[in-house]
Each structure stands twice: as C-alpha cells, then as structure tokens.
Ligand SMILES: CC(C)(COP(=O)(O)OP(=O)(O)OC[C@H]1O[C@@H](n2cnc3c(N)ncnc32)[C@H](O)[C@@H]1OP(=O)(O)O)[C@@H](O)C(=O)NCCC(=O)NCCS
C-alpha cells in the first residue's frame, strides 16, 4: 500500500515509452502543437474550458505545466508516435491531492489519431507509473458525463464511477454535471508489474 507520494519522480523528468509511443516533457517549442488541440472544437467539446485563441495562450499553458513539475505539483507528458515523432496528444497528473496520495488525470488527443487505441496505450503506462513509481494510492478523473469516448477509455482501464455531481460546475452560462471516476492501486495489483 502506498502511503506517501514518491517525490524522487521530481528529480529527473520521467520519460515513458510504450510499444508505439514516447511520452516526454513539454517544451515551450511545443506550443503550436498544443494550440492545434486546444483550439479544435472537436477536442474542446467536453473539456468545458475556453478554447485557446492564440499560440501564446498555449505557450502560457506549457509554462504552467513546466512550473508545476518544478514545484512538484504535477507531471504532464506530451505524446509522440515513436515511428514518425509526430505529436498526437498529451496526458498528465495535472492536480495532486498530496495528503490523500491521490492525483487527477487529464488527457487529449488530435482527432486524426482517435480510434486507434493510442490513448489507452498511454493511459495504461501512466497508471503503471502512477502506482509503481509515483506511489499514488488512487487516481481520479473528472469527466463531463456526455463524454462517451473518455468514459469508455477510463472503464477499459478499470476506473469506476464513484460520484455524480449535479450542476456543480458553472461554465459558459450553464451549470454542468460532473462524473468522478477513480482507480485504486489495489484494483491494479495483479495487472501491473510491481517493483
Ligand atoms: C478521450 C480521447 C483521448 C479518447 O480517444 P480514443 O481514440 O477514443 O481512445 P483510445 O485510445 O482508447 O482508442 C479506443 C478506440 O480505438 C480502437 N482501437 C483500434 N486499435 C486499437 C488497439 N490496438 N488497442 C485498443 N483500441 C484500439 C478501439 O476499438 C476504440 O474505438 P471505439 O471507441 O470506436 O470502440 C479522445 O476522444 C479525445 O482526445 N477527446 C477530446 C479530449 C477529451 O475529451 N479529453 C478527456 C477529458 S476528461
């Protein structure tokens, strides 16, 4: 059982690798690639956050992600295809609840790469890292209940719906519902290699 986050993961950025993907640290030069995603209506549909209007906004978001790693508050990876090195998406523990040994996950991918199992491959690796290296006890995902693709992905990876909040989130003139999914390290004990 993990009782404490492993802060050693903040010494050297943890690059991850899967069969088809490379997960590495964001750099400021990735702003154009992030902008392609965060300005695309299809990607933004259920994120319930304002789309980026300029590349500068994406650069500021990247600076925030870099700073959050330095201040040990989050780890965000940019996802590239191994064969072409093309950026396909991103994934990360963008919010940590340190006292509860828990972190919230987030992810998005360019629509041209949807339906190929890439995010599932990335998420499995990030879960494995989360429990075995980062030493989390649980991982949370907060999803718009209409986001069927994201819910399908979470459920495939073993997440369970643990809460449903009615109209708890105000965005764009509307009160929206939220579904909270979570995965416990004990749910994964037999699925991943423990170190
Ligand atoms: C959420 C999101 C990443 C899901 O992408 P996705 O491509 O559907 O997810 P996966 O990587 O798990 O791929 C699964 C699909 O690939 C298919 N697939 C093809 N080859 C596969 C393989 N080798 N392995 C697994 N799945 C494969 C699956 O059948 C499935 O397709 P289906 O949904 O039509 O059944 C994507 O919809 C997205 O970026 N949305 C916008 C951002 C967003 O909403 N983020 C989440 C906020 S909570």
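Every residue in region 15-50 that is touching a helix residue (DSSP H, G or I) at 6+ places or on another chain (Cβ under 6 Å), under 26 Å from residue 168 (Cα atoms) and surrounded by fewer than 18 Cβ atoms within 10 Å (Cβ to Cβ), please.
42, the sole residue that qualifies.
Of everything in region 76-131, what is in a helix (DSSP H, G or I), more than 9 Å from the ligand (Cβ to nearest atom) and either over 12 Å from the mean Cα position of the chain (by Cα) or at pLDDT below 95 (or both)? Give them in sequence order.
In the first step, residues of region 76-131 are kept if they are in a helix (DSSP H, G or I); the result is 98-100, 111-113, 118-131.
Remaining after also requiring more than 9 Å from the ligand (Cβ to nearest atom): 98-100, 112, 124-131.
Residues satisfying the conditions are 98, 99, 100, 112, 128, 129, 131.
Which of the numbered conditions does residue 134 fail, given that it passes all the others? Conditions: (1) away from the ligand (no atom under 13 Å from the Cβ); (2) in a strand (DSSP E or B); (3) touching a helix residue (DSSP H, G or I) at 6+ places or on another chain (Cβ under 6 Å).
Single failed check for residue 134: (2).
Any residue in region 34-58 that is closer than 18 Å to residue 176 by Cα and modelled with pLDDT under 95 sitting within a Cβ distance under 7 Å of a residue that is part of a helix (DSSP H, G or I) and within 9 Å of the ligand (Cβ to nearest atom)? List the pairs, counting only those 6 or more apart or interchain.
none
Could you check residue 82 against (1) surrounded by 13 or more Cβ atoms within 10 Å (Cβ to Cβ); (2) in contact with a strand residue (DSSP E or B) (Cβ under 6 Å, 6 or more places away or on another chain); (3) over 18 Å from residue 143 (Cβ atoms); (4) touching a residue at least 60 places away in the same chain (Cβ under 8 Å) and say which number it fails?
All conditions are met except number (1).
If a residue must be near the ligand (Cβ under 10 Å from one of its atoms) and outside any loop (DSSP other than H, G, I, E, B), how many such residues does region 33-50 contain?
5
For residues that are in contact with a helix residue (DSSP H, G or I) (Cβ under 8 Å, 6 or more places away or on another chain), farther than 19 Å from residue 113 by Cβ and assigned to a helix (DSSP H, G or I), tally how many sit in region 51-60.
Total meeting the criteria: 4.
Could you give every pair whose Cβ atoms fall below 6 Å, whose first residue belongs to region 146-158 and is more than 8 Å from the ligand (Cβ to nearest atom), and whose second residue is modelled with pLDDT under 95, counting only separations of at least 6 or pairs across chains?
From residues that are more than 8 Å from the ligand (Cβ to nearest atom), the pairs are 158/187.
The values are calculated or read from the model by the stated rules, or taken from the named source; none is laboratory data. The model shown is predicted, which means the values in this text are computed figures rather than measured ones. Because the Cβ atoms are built from the backbone with ideal geometry, glycine has one as well, and the counts that use them run over all protein chains shown.
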